[in-house]
Amino acid sequence: MKIHEYQAKEILKKYNIPIQEGYAIENSADIDSTIKKVQADFNCEAVIVKAQIHAGGRGKGGGVKYCPTFEDAQGAANTILGMNLITHQTGPEGKMVNKILITEALDIEKEYYFAITFDRSKNSDVFIVSSEGGVDIEEVAENNPDQIIKAWIDDSPNALESAVKEIITSLSLEEFENVEQMFKDLYKCYLESDCSLLEINPLVSTTSNEIIALDAKVDIDSNSLFRHPEIAAYHDKSEEDPLELKAAEYGLNYIKLDGNVGCMVNGAGLAMATMDIVKHCGGEPANFLDVGGAANVETIKNGFKIILSDKNVKSILINIFGGIVRCDRVANGVIQAVKELDLDVVVVVRLQGTNAKLAKKILDESDIELISAETINEAATKAVEMIK
Ligand code: ADP
Ligand code: MG
């Protein structure tokens, strides 16, 4: 689960990580009083107004503004709150800014990149740091990869200690007090909050010789949310694709894609393979959809509803393997759902496994227009060809 910068900073603060202080708001009526409150509470004239969206690159996209005066801040806050912000991470359609963070401005001496994540290839957590942090970190990674330093925290007894020393040396931060403790606390925060990513870009040194987390991006392993009710409460539905939210309500695993062949499959592995074969046959999948191991009339119907809400869909490929679920039941479910929902797209059905023959008979004898196929190749080819 992604969370906002201001929420990530709330978590960091609990671990004594020095953060840039500020207040988040969502109503334009609160703009003036919040700017004044930031100026008073943190004893500053200049403030920064920052769009809170689940995407990075806000600075370059115009979503982070330095405001030397109250009037500048007023102008920036009114512009950014409610704007459609386009960054290199939002895609061309951009994201609506429903919240802004108004924070103290700091006099930055230097910007560093800092992250902790899990490195699957080494089976251990890894610190990733660079002394060339800030808004151009992607370019640094692309053009000067040797400026990105990694230190792994394997399961040897002093792994954390030595990884922390390594990053302090590589960033030349020895002169700063408490950075060793800060990096250890960041790792503690990463572990205890079940983060899949904890990224601070930039981590800055200020002209008054402090180290401060200026930005924060924290991704939480969704499977751990049951043990973090306070983090689960950070979930911001407005940041999610409405179709994916609806699918989650139905208990379906759905990811919207850009193609026009809707896919309804049971099992994530088979769903991936189905998308591959659609592409292999020259088509583009409209979605990933795993209806789960126990597909029944209800799940099939809900699956159709979700797939059809995507106006790009021109054909639907149903690929179900009958293991526990019996194919004849799925066939009846498909027929019932197609009748009830009054579909106007081509539906290709491929059922294999338990009672597959019976299922094919049921589909062939039904009075609804379905194309049945026996192999996955045949099914995908038909689903793609029918569009043409
Ligand atoms: P994003 O990563 O989405 O672009 P950041 O929070 O990293 O957003 O802000 C982008 C840049 O804006 C930072 O790298 C920094 O140079 C500048 N910036 C952000 N907050 C402040 C601040 N409080 N004081 C001074 N500069 C800031
Ligand atoms: Mg940043």
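Give me a count of the residues in the stretch 199-211 that are more than 13 Å from ligand 2 (Cβ to nearest atom) and either part of a strand (DSSP E or B) or closer than 18 Å to Glu132 by Cβ (or both).
Of the residues in that region, 3 qualify.
In the stretch 314-369, which residue that is within 24 Å of Ile387 (Cβ to Cβ) and hydroxyl-bearing (Ser, Thr, Tyr) is surrounded by the most Cβ atoms within 10 Å (Cβ to Cβ)?
Looking at the filtered set, the residue picked out is Ser315.
Determine if the stretch 2-23 includes at least one residue that is without any contact (Cβ under 8 Å) to a residue 24 or more places away in the chain, on the phi > 0 side of the Ramachandran plot and not assigned by TED's automatic domain parsing to the domain that holds Ala248.
No, that holds for no residue.
List pairs: first residue in the stretch 363-380 and in the same structural domain as Arg329 (by TED's automatic domain parsing), second residue in a loop (DSSP other than H, G, I, E, B) and surrounded by fewer than 21 Cβ atoms within 10 Å (Cβ to Cβ) anywhere in the structure, Cβ distance under 8 angstrom, at least six positions apart or on different chains.
Listed by first residue and then by second, the contacts come to Leu363/Leu370; Asn377/Cys281; Ala380/Cys281.
Counting only residues that are touching a strand residue (DSSP E or B) at 6+ places or on another chain (Cβ under 7 Å) and within 10 Å of ligand 1 (Cβ to nearest atom), how many does the stretch 84-101 have?
Total satisfying the criteria: 2.
Can you find a residue in the stretch 249-260 that is modelled with pLDDT of 95 or more and either assigned by TED's automatic domain parsing to the domain that holds Glu177 or touching a Gly at 6+ places or on another chain (Cβ under 7 Å) (or both)?
Looking for residues that are modelled with pLDDT of 95 or more and either assigned by TED's automatic domain parsing to the domain that holds Glu177 or touching a Gly at 6+ places or on another chain (Cβ under 7 Å) (or both), one finds at least one in the stretch 249-260, hence yes.
Just to be sure before I move on: is Glu298 out of contact with any Lys or Arg (no Cβ under 6 Å at 6 or more places or on another chain), modelled with pLDDT under 90, surrounded by fewer than 19 Cβ atoms within 10 Å (Cβ to Cβ) and not in a strand (DSSP E or B) in the structure I sent? Lay out the reasoning, then the answer.
Working: out of contact with any Lys or Arg (no Cβ under 6 Å at 6 or more places or on another chain): yes; modelled with pLDDT under 90: yes; surrounded by fewer than 19 Cβ atoms within 10 Å (Cβ to Cβ): yes; not in a strand (DSSP E or B): yes.
The answer is yes for Glu298.
Given the criteria within 16 Å of ligand 2 (Cβ to nearest atom), surrounded by 15 or more Cβ atoms within 10 Å (Cβ to Cβ) and closer than 28 Å to Asp310 by Cα, does Asp215 qualify? Give the steps one after another, and end with the answer.
Numbers: within 16 Å of ligand 2 (Cβ to nearest atom): yes; surrounded by 15 or more Cβ atoms within 10 Å (Cβ to Cβ): yes; closer than 28 Å to Asp310 by Cα: no.
In short, no.
Restricting to the stretch 213-255, give me the number of residues that are over 13 Å from the mean Cα position of the chain (by Cα), within 16 Å of ligand 1 (Cβ to nearest atom) and assigned to a helix (DSSP H, G or I).
Result for the stretch 213-255: 0.
Report yes if Ile153 is more than 27 Å from Leu106 (Cβ to Cβ) and either surrounded by 13 or more Cβ atoms within 10 Å (Cβ to Cβ) or touching a residue at least 40 places away in the same chain (Cβ under 8 Å) (or both), otherwise no.
In short, yes.
Check Glu192, Glu161, Glu210, Glu139 and return the single one that is away from ligand 1 (no atom under 16 Å from the Cβ) and farther than 16 Å from Val126 by Cβ.
When all the criteria are applied, what remains is Glu192.
For Ala77, work out the one condition from (1) more than 29 Å from Tyr187 (Cβ to Cβ); (2) within 16 Å of ligand 2 (Cβ to nearest atom) it doesn't fulfil.
(2)
Within the stretch 370-388, work out how many residues are over 23 Å from Leu341 (Cα atoms) and outside any helix (DSSP H, G or I).
3
Which one of the conditions (1) small (Gly, Ala, Ser); (2) under 24 Å from Gly57 (Cα atoms); (3) in contact with a helix residue (DSSP H, G or I) (Cβ under 6 Å, 6 or more places away or on another chain) does Ser205 fail to meet, given that it meets all the rest?
(3)
The values are calculated or read from the model by the stated rules, or taken from the named source; none is laboratory data. Every value quoted in this text rests on a predicted model; they were computed, and no experiment measured them. As a convention, Cβ positions derive from the backbone with ideal geometry for all residues, glycine included, and neighbour counts pool all protein chains shown.
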